[in-house]
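Engineer: Sharing a structure with you now.
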Amino acid sequence: MALPKLKAEATEALLGARPLPKGGCLQAARESALARLREMGLPSRRDEYWKFTRPDTLISAEAPRAALFDAGEAPMFSDFDRLKIVFVDGVFDAEASDDLEMDGVRIDRLEDICCQDIHWAKDLYGVLEARGQSPVQRPLATFNTAYATDGVAIHVTGKPSKPISLIYIHANEQSDAVLHHVIRVEEGAEATILENGPAASRFNKCMEIDVADTGRLHLVRAQGRDHERRAATHMFARLGRESVLKSFTLTVNGVLTRNEAYIELTGDDAVCHIAGACAGDGEFHHDDTVFITHDAVNCESRQVFKKVLRNGAVGVFQGKILVKEGAQKTDGYQISQSLLLDGDSQFLAKPELEIYADDVACSHGSTSGAIDETALFYLRSRGVPEGEATDLLTLAFLAEAVDEIEDKALAEDIVSRLQAWLARRRS
Amino acid sequence: MLCGPETNEEKMLEIKGLHVKLEEEDKPILKGVDLTVEAGKVHAIMGPNGSGKSTLSYVLSGREGYEVTQGSAELEGVDLLEMEPEERAAAGLFLAFQYPVEIPGVGNMTFLRTAVNAQRKARGEDEISAADFLKLIRQKAKDLQIDAEMLKRPVNVGFSGGEKKRNEILQMAMLEPKMCILDETDSGLDVDAMKLVSDGVNALRDAGRGFLVITHYQRLLDHIKPDVVHIMADGRIVKSGGPELALEVEHNGYGDILAEAS
Ligand SMILES: Nc1ncnc2c1ncn2[C@@H]1O[C@H](COP(=O)(O)OP(=O)(O)OP(=O)(O)O)[C@@H](O)[C@H]1O
Ligand SMILES: [Mg+2]
């Protein structure tokens, strides 16, 4: 079916002048992605899946500018021993990065893979992304598969002694980063991947994750604080038997963020937790769009998303649990909540369940509320000043999401950042 | 109006002609309360349901939703009504709630430490060290038979009725206020817990501290011996007297007293 004229035009406007980057063994994946993209077109405001979030600035030919932001404090995860991989405006920075060698894992850069004829990444690159195009299309991810300029292929074969830390630095006011990572965790292997930073004034990131039977992967991410930065990120994951994937995202600031996750539980007894805590003040639009498919027996999935919004900030949640026929004993949990610190902010939520098995326990809930006045008075009556009491209740609200981080030290770091963010808003 | 015998003892809490209505509607609740609690004394308030006892305690601690239309309330000569709730607390006022509030996500210990330090800061004192705080709270919790696990749980979440009340007294013991208001702290307590709580209160009784104990039952007053007993009805103190007044209520109910007052 031909694309509507407007959509076709918008798509060509973005693709028109862009040459496909070098592909090597990924060339076929890039070309097929481009063909798929031309067929589906870029997202438009009229698409149901983009009802709550305007894609315009994510697909404009030129990336909008974003002023650089000096946080005036040490970047996230600075205190942690980790293997650093640094990208500046989407370009790998060898100088700032560590040696990519570490026991239990093999890390290759996408740019290098694209000069090779054979690499394991070929079997993953664009593959899970393509699977994730149904039942809803995610053209920004397809765009990424076609055009990603760099990224890493992480092959976890053992238990690396420290986390792999992807650091995304934004240095140029107008920059357009497109990064694509592929991650394969082998049987019994386990790793933690950290990500932090805005990456560019506009960031398109795609991550494809294949966790083999009994593999475990932890993802902890903090998206950059630059107020005007924009990000569209996708995570596609496939989980084997008894495997575990846990992902947590912290977002404070950023004019536009759309984080999509598409996860398939394909092996029995797999566990997937995906959580996010965000805090926005003013020009802030934050969208979590999650799709979890249960396609095996006795799997557990948890989605926990908490948003603190003030001064007209907007939070969006679109989350779905699909339980396929035969996926018995599914345990699916989904909660999305917003705390509105004033009357101007809004939270738009579309939680969905679609269940084709009969022996399942699925629950979902979505709420939007203000600070609990009774609790606030109780705290104040004990001498805690109003501002501090409000922060305490706000952090309590976010706690269920932050608690999804297994590593307690990382969780504490996240909490202290949130605390500082809240405290700054009072001074 | 009777407020016990005139003495030249130091006044801790002094309420004069206090009129209070709901902010949202023209419903008067307190209709001229006069009450003075001296330092070192325990005053009890009894009175029928809905007579305004909790309202009085809320207004004194600064809860929103009420409007003072007339009268005054002072703590050690300082106007309470102009202060924010946290300022009243730092000035030494404490209310043990009739219905203690559950706060999911905030640990009991964190809550108490934040409160203790906030009050110290407001008074220009140094923060208590984590080690000292821990030592202190462990001791006080032990006295009240509150186990360590309860300290780690979120504030009042999943606590039984009696545990909540004991937790209120633990807070009081940690904060060492000058003026303690206890709103039906005895309701929901079993006999042993009542003894524990009373011991906790009695341990705090000293020359520099005032107590206002709201209760429906004489039994609490067997443990916490009041100096003065007041009867509140329809937003006023209608009668004051010694401990024998509580016994009279216990035996005869409020009928005679109310008839006499009107
Ligand atoms: N926020 C409110 N909204 C409506 N009515 C209120 C409010 N607060 C108090 N009242 C009313 O004021 C009156 C006094 O209530 P209060 O709770 O002070 O009584 P009390 O003496 O503590 O009663 P009890 O012995 O049952 O605890 C009651 O009629 C109550 O319904
Ligand atoms: Mg009451």
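Matching residues to (1) in a strand (DSSP E or B); (2) over 23 Å from A:ARG229 (Cα atoms):
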| residue | (1), (2) |
| --- | --- |
| A:TYR49 | no, no |
| A:ALA74 | no, no |
| A:ASP81 | no, yes |
| A:LYS84 | yes, no |
| A:PHE87 | yes, no |
| A:ASP99 | no, yes |
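Engineer: Hey, another quick one. Looking only at the range B:56-66, how many residues end up being touching a residue at least 40 places away in the same chain (Cβ under 8 Å) and surrounded by 14 or more Cβ atoms within 10 Å (Cβ to Cβ)?
Structural biologist: Going through the range B:56-66, the residues touching a residue at least 40 places away in the same chain (Cβ under 8 Å) turn out to be B:56-57, B:59-61, B:64-66.
The next check asks that each one be surrounded by 14 or more Cβ atoms within 10 Å (Cβ to Cβ); those that pass are B:56-57, B:59-61, B:66.
Of the residues in the range B:56-66, 6 are touching a residue at least 40 places away in the same chain (Cβ under 8 Å) and surrounded by 14 or more Cβ atoms within 10 Å (Cβ to Cβ).
Engineer: For A:ALA61, state whether it is part of a loop (DSSP other than H, G, I, E, B), open to solvent by 30 Å² or more (accessible area, probe 1.4 Å), closer than 18 Å to A:GLN174 by Cα and modelled with pLDDT of 95 or more.
Structural biologist: On the way: part of a loop (DSSP other than H, G, I, E, B): yes; open to solvent by 30 Å² or more (accessible area, probe 1.4 Å): yes; closer than 18 Å to A:GLN174 by Cα: yes; modelled with pLDDT of 95 or more: no.
In short, no.
Engineer: Just checking, how many residues over the range A:401-427 are without any contact (Cβ under 8 Å) to a residue 40 or more places away in the chain and either closer than 12 Å to A:VAL252 by Cα or of a type in the set (Val, Ile, Thr) (or both)?
Structural biologist: 2
Engineer: For the range A:139-168, enumerate the residues that are within 20 Å of the chain's Cα centre (by Cα), in a loop (DSSP other than H, G, I, E, B) and closer than 27 Å to A:ASP413 by Cα.
Structural biologist: Scanning the range A:139-168 gives A:GLY151, A:PRO163.
Engineer: Give the residue, chosen from B:VAL37, B:VAL33, that is among the β-branched types (Val, Ile, Thr) and more than 16 Å from ligand 2 (Cβ to nearest atom).
Structural biologist: Working: B:VAL33 fails: more than 16 Å from ligand 2 (Cβ to nearest atom).
Result of the check over B:VAL37, B:VAL33: B:VAL37.
Engineer: A further question on this structure: What residue, of A:THR394, A:THR374, is of a type in the set (Val, Ile, Thr) and more than 8 Å from chain B (Cβ to nearest Cβ)?
Structural biologist: Values: A:THR374 fails: more than 8 Å from chain B (Cβ to nearest Cβ).
Within the list A:THR394, A:THR374, the selection yields A:THR394.
Engineer: Scan B:LEU95, B:LEU60 and give me the residue that is within 16 Å of ligand 1 (Cβ to nearest atom), assigned to a strand (DSSP E or B) and within 14 Å of another protein chain (Cβ to nearest Cβ). Quick ask: steps written out before the conclusion?
Structural biologist: Working: B:LEU60 fails: assigned to a strand (DSSP E or B).
Step by step, each of B:LEU95, B:LEU60 is checked, and only B:LEU95 is within 16 Å of ligand 1 (Cβ to nearest atom), assigned to a strand (DSSP E or B) and within 14 Å of another protein chain (Cβ to nearest Cβ).
Engineer: Additional query: Collect the residues in the range B:69-89 that are open to solvent by 20 Å² or more (accessible area, probe 1.4 Å) and within 14 Å of chain A (Cβ to nearest Cβ), keeping them in residue-number order.
Structural biologist: Of all residues in the range B:69-89, those open to solvent by 20 Å² or more (accessible area, probe 1.4 Å) come to B:69-72, B:74, B:76-79, B:81-84, B:86-87.
B:MET83, B:GLU84, B:GLU86, B:GLU87, listed by residue number.
Engineer: Could you check how many residues of the range B:98-113 are within 7 Å of chain A (Cβ to nearest Cβ) and open to solvent by 30 Å² or more (accessible area, probe 1.4 Å)? Walk me through how you get there before you give the answer.
Structural biologist: So the first thing to find is which residues in the range B:98-113 are within 7 Å of chain A (Cβ to nearest Cβ), and the list is B:101, B:103-106.
Retained after the next criterion (residues that are open to solvent by 30 Å² or more (accessible area, probe 1.4 Å)): B:104-105.
Residues meeting the conditions: 2.
Engineer: Please work out if B:GLY235 is within 16 Å of ligand 1 (Cβ to nearest atom), surrounded by fewer than 21 Cβ atoms within 10 Å (Cβ to Cβ) and farther than 30 Å from B:ILE146 by Cα. Can you show your working first?
Structural biologist: Working: within 16 Å of ligand 1 (Cβ to nearest atom): yes; surrounded by fewer than 21 Cβ atoms within 10 Å (Cβ to Cβ): no; farther than 30 Å from B:ILE146 by Cα: yes.
Considered against the rule, which asks whether it is within 16 Å of ligand 1 (Cβ to nearest atom), surrounded by fewer than 21 Cβ atoms within 10 Å (Cβ to Cβ) and farther than 30 Å from B:ILE146 by Cα, B:GLY235 comes out as no.
Engineer: Considering B:LYS165, B:LYS140, which residue is assigned to a helix (DSSP H, G or I), touching a residue at least 40 places away in the same chain (Cβ under 8 Å), closer than 30 Å to B:GLU38 by Cα and more than 14 Å from chain A (Cβ to nearest Cβ)?
Structural biologist: Just one listed residue meets the conditions, B:LYS165.
Engineer: Quick check on my filter: what residues within the range B:145-162 are on the phi < 0 side of the Ramachandran plot, outside any helix (DSSP H, G or I), out of contact with any strand residue (DSSP E or B) (no Cβ under 8 Å at 6 or more places or on another chain) and surrounded by fewer than 19 Cβ atoms within 10 Å (Cβ to Cβ)? Give the steps one after another, and end with the answer.
Structural biologist: First, the residues of the range B:145-162 that are on the phi < 0 side of the Ramachandran plot: B:146-155, B:157, B:159-162.
With the extra rule that they be outside any helix (DSSP H, G or I), the set shrinks to B:146-147, B:153-155, B:157, B:159-160.
Checking which are out of contact with any strand residue (DSSP E or B) (no Cβ under 8 Å at 6 or more places or on another chain) leaves us with B:146-147, B:159-160.
Within the range B:145-162, B:ASP147, B:SER160 qualify.
Engineer: Still on this structure, I have one more. Looking at this structure, is A:ASN204 polar (S, T, N, Q) and over 17 Å from A:ILE59 (Cβ atoms)? It would help to see each step written out before you state the result.
Structural biologist: On the way: polar (S, T, N, Q): yes; over 17 Å from A:ILE59 (Cβ atoms): no.
No; evaluated as a whole, the condition is false for this residue.
The values are calculated or read from the model by the stated rules, or taken from the named source; none is laboratory data. Being a predicted model, the structure only gives us computed values, none of them experimental. Positions of Cβ are generated from backbone atoms using ideal geometry, with glycine treated the same way; all protein chains shown enter the neighbour counts. Each accessible area value is taken on the protein alone, full model and side chains, heavy atoms only, with ligands, DNA and RNA left out. Shrake-Rupley method; radii C 1.70, N 1.55, O 1.52, S 1.80 Å.
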